[in-house]
Amino acid sequence: MKGNVKRGQLVVISGPSGSGKSTVIKEVYRQRSGLHFSVSYTTRPPRPGEENGVHYHFISRERFEELIGQGMFLEYAQYQGNYYGTGRDVVEDMLAKGQDVLLDIEVQGAASVRKLFPEATLIFMIPPSFAELARRLRGRNSEDETVIQGRLARAREEYKQIPMYDYLVINDKIDDAASEVLAILKAQDCRVSARIDFIKEDISL
Ligand code: 5GP
């Protein structure tokens with residue numbers, strides 16, 4: 001396409017802990033070039049294996065609140081007693097350069113993005129059943145039953161927000177779920193609104 005750079009698309013993926021979202025997202029990155037993952041800011045401590053600047057920017061509560069005051073966040077939310085937020089500048093720069101940006105954020109953040117960017121694509125990912133979700137959470141063996149019950153109760157609340165989303169991906173097998181996400185992104189590329197400039201230039205409308 002000639003002329004102006006086409007704006008990138010903003011994609012949100014939400015889903016309960018245990019939906020397998022992170023694994024599917026990794027596979028989507030492997031298969032689709034030009035997709036930028038927005039590294040969020042959080043006040044929760046890093047888990048083993050997590051690197052600062054790669055998985056999250058790990059910062060203190062005080063610093064997070066300072067950044068809120070400076071209007072640094074596109075959206076932010078509190079989740080399980082910690083702050084999580086998306087940096088505004090990187091996302092806006094990437095979109096302006098025509099890069100697609102993917103946000104892995106929870107439901108309150110997704111609602112904020114929907115208001116700010118009505119054209120964003122919102123995808124919710126779930127495991128094949130609630131029983132499977134419970135099984136996956138228990139299979140991790142890293143948390144006690146009270147924590148697991150808390151996660152299941154939260155997931156139930158999050159499921160109530162599904163009607164706000166555009167697409168629902170059911171993650172039974174990682175490859176199939178990744179193919180569905182890739183198909184959604186491809187369909188968004190083909191929308192008339194994303195391609196109308198091409199026609200205008202082609203026939204000098
Ligand atoms: P975790 O602590 O397991 O990495 O993430 C907890 C939840 O926070 C997940 O649902 C994840 O999608 C969400 N999350 C991660 N980054 C952000 C963010 O920048 N904003 C919002 N609103 N949620 C986020």
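Quick rundown of the values:
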{"quantity": "Distance violations [Cα-Cα > 30 Å] among K6/K173; K26/K97; K26/K200; K97/K160; K21/K186; K97/K173", "calculated": "K6/K173; K26/K200; K97/K160; K97/K173"}
{"quantity": "Average projection area in nm² (convex hull over Cα atoms of the range 59-178, one quarter of hull surface)", "calculated": "9.2 nm²"}
{"quantity": "Virtual spin-label span in nm between V90 and K186, 7 Å along Cα→Cβ", "calculated": "2.9 nm"}
{"quantity": "Estimated vicinal HN-Hα couplings, Hz - the range 64-80 in sequence order (Karplus 6.51, -1.76, 1.60; Gly, Pro = x)", "calculated": "4, 5, 4, 5, 4, x, 7, x, 6, 9, 5, 7, 8, 8, 9, 9, 6"}
{"quantity": "E75 long-range amide H proximity, modeled H, under 5 Å", "calculated": "T86"}
{"quantity": "Radius of gyration and maximum dimension Dmax of the chain, Cα, Å", "calculated": "18.1, 64"}
{"quantity": "Gyration tensor (Cα) of the range 76-138, equivalent ellipsoid semi-axes in angstrom", "calculated": "27, 15, 11"}
{"quantity": "222 nm mean residue ellipticity, helices alone, for the chain (DSSP H n ≥ 4; -39,500 (n - 2.57); rounded to 500)", "calculated": "-13500 deg cm²/dmol"}
{"quantity": "Computed lengthening from S38 to M72, 0.36 nm per intervening residue step minus Cα-Cα distance", "calculated": "10.9 nm"}
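All of the numbers you see were taken from the coordinates with simple rules; none came from a lab. Because the structure is predicted, anything quoted here is derived from the model rather than measured. Quick reminder, even Gly has a Cβ in these numbers, built from the backbone with ideal geometry, and neighbours come from all protein chains shown.
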